[in-house]
1. In the set GLU240, GLU172, which member is exposed (fewer than 15 other Cβ atoms within 10 Å of the Cβ), within 30 Å of THR70 (Cα to Cα) and not assigned by TED's automatic domain parsing to the domain that holds SER37?
2. For residues in segment 246-299 being among the polar types (S, T, N, Q) and in contact with a Cys (Cβ under 9 Å, 6 or more places away or on another chain), which is nearest to PRO219 (Cα to Cα)?
3. Need at least 2 residues that are under 16 Å from ARG184 (Cβ atoms) and at pLDDT below 90 per element, so show me which strands (runs of 3 or more DSSP E) inside segment 19-104 make the cut, counting only ones lying wholly within it.
4. Which numbered condition trips up TYR196, out of (1) surrounded by 17 or more Cβ atoms within 10 Å (Cβ to Cβ); (2) in the same structural domain as ASP268 (by TED's automatic domain parsing); (3) of a type outside the set (A, V, I, L, M); (4) under 23 Å from GLU312 (Cβ atoms)?
Amino acid sequence: MNKTIVIAGKEYPLVSIDTSTLRQVWVEVRAAFQFYSGSFKGLDIVWLEQKSKQRFTPRKLRIMAERLNTIMGNPIVFLFESLPYFERNRLIEQDVYFIVSGKYAFLPNLLIAAREAEPIKGEKLTAVAQWLLLAYLQGMYVNRKTIKEVERVSPYQYVTLTRAFRLLERLELCSMETDEARFRHIVFSKDKRTLYEQARKFFVSPVKQRLYCDKVRQPQQYKRAGISALSHYSALNPDETTTLTMTADQWRNRDEDDFMNVNPIEGDYCVEIWLYPPIPADEEYVDKLSLVLSLQGDHDPRVEKEVEILLEKLW
């Protein structure tokens, strides 16, 4: 039983999901709701329309939506034929996504995601897309995972990940496949070395800015980067300057007393402010592929040689 809904004057077709594919969903909800799959401006959504007379409070609908989102990996939106004003307000207070077809829609974060999901321009990876690709290449998650499963091992939320995977798909670095239960899986069809070589032209340096200081109060809180990390992974001798990394948020929220004599020129410590957090492959040092990208502007023959050896060992 398929149907069509109307949002802002535009029709969106929905396809009924057979209950036989919803084995992970608890019986009460399967009995009370008809499940539909359908996209809204490029976002895959699971739509629920109540078919029983059982009454669910807005709070219970919120809890239900959170659990279903975890199971199905897609946002949950409830469909209503009509809603009195006070019920709409209670649903909004509980942050429950819903629509009254052709009349009213409460989809705040989904509208933001839809705007972000417009065709993506540019031929470079965003910080999130690069993190995701490097995390896969270094074994943080395996092939054919759902976005919800990747969310569990990443520092980013579902909507942000969805947009990043769309960019990777547009650049033909991955594809998205939907199974019988309407779960979308990320598929990398090439071996990791080939995928890395294909992606090289899209990579950016993770380093947004380099600053120097004479002393860091608790350097062990930050991962080693730059030559400090390369000397750990290779036969290269370390520099006198210790290189640390942190994200822009960490730098903004730092205690200024922890960094002495910050300047853009020189110091005993070099602080690299990164576009994204390093892949958590090592507790003390940044991940190898991000390190390679951070050193791509260093033309010291010794560094270039050790970077080549490091890459060869990866594959």
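The values are calculated or read from the model by the stated rules, or taken from the named source; none is laboratory data. Quantities reported herein were computed from a predicted structural model and do not represent experimental measurements. Backbone-built Cβ (ideal geometry, glycine too); neighbour counts: all protein chains shown.
1. That would be GLU172, the only listed residue that is exposed (fewer than 15 other Cβ atoms within 10 Å of the Cβ), within 30 Å of THR70 (Cα to Cα) and not assigned by TED's automatic domain parsing to the domain that holds SER37.
2. Top of the filtered list is ASN261.
3. On the way: elements: 33-40, 43-50, 76-80, 98-100.
It comes to 33-40, 43-50.
4. Result: TYR196 passes all but (2).
Table: residues versus (1) within 24 Å of GLU123 (Cα to Cα); (2) touching a residue at least 40 places away in the same chain (Cβ under 8 Å).
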{"residue": "GLU180", "(1), (2)": "no, yes"}
{"residue": "LEU195", "(1), (2)": "yes, yes"}
{"residue": "VAL207", "(1), (2)": "yes, yes"}
{"residue": "LEU211", "(1), (2)": "no, yes"}
{"residue": "ALA229", "(1), (2)": "no, yes"}
{"residue": "MET246", "(1), (2)": "no, no"}
{"residue": "PHE259", "(1), (2)": "no, yes"}
{"residue": "VAL262", "(1), (2)": "no, yes"}
{"residue": "TYR269", "(1), (2)": "no, yes"}
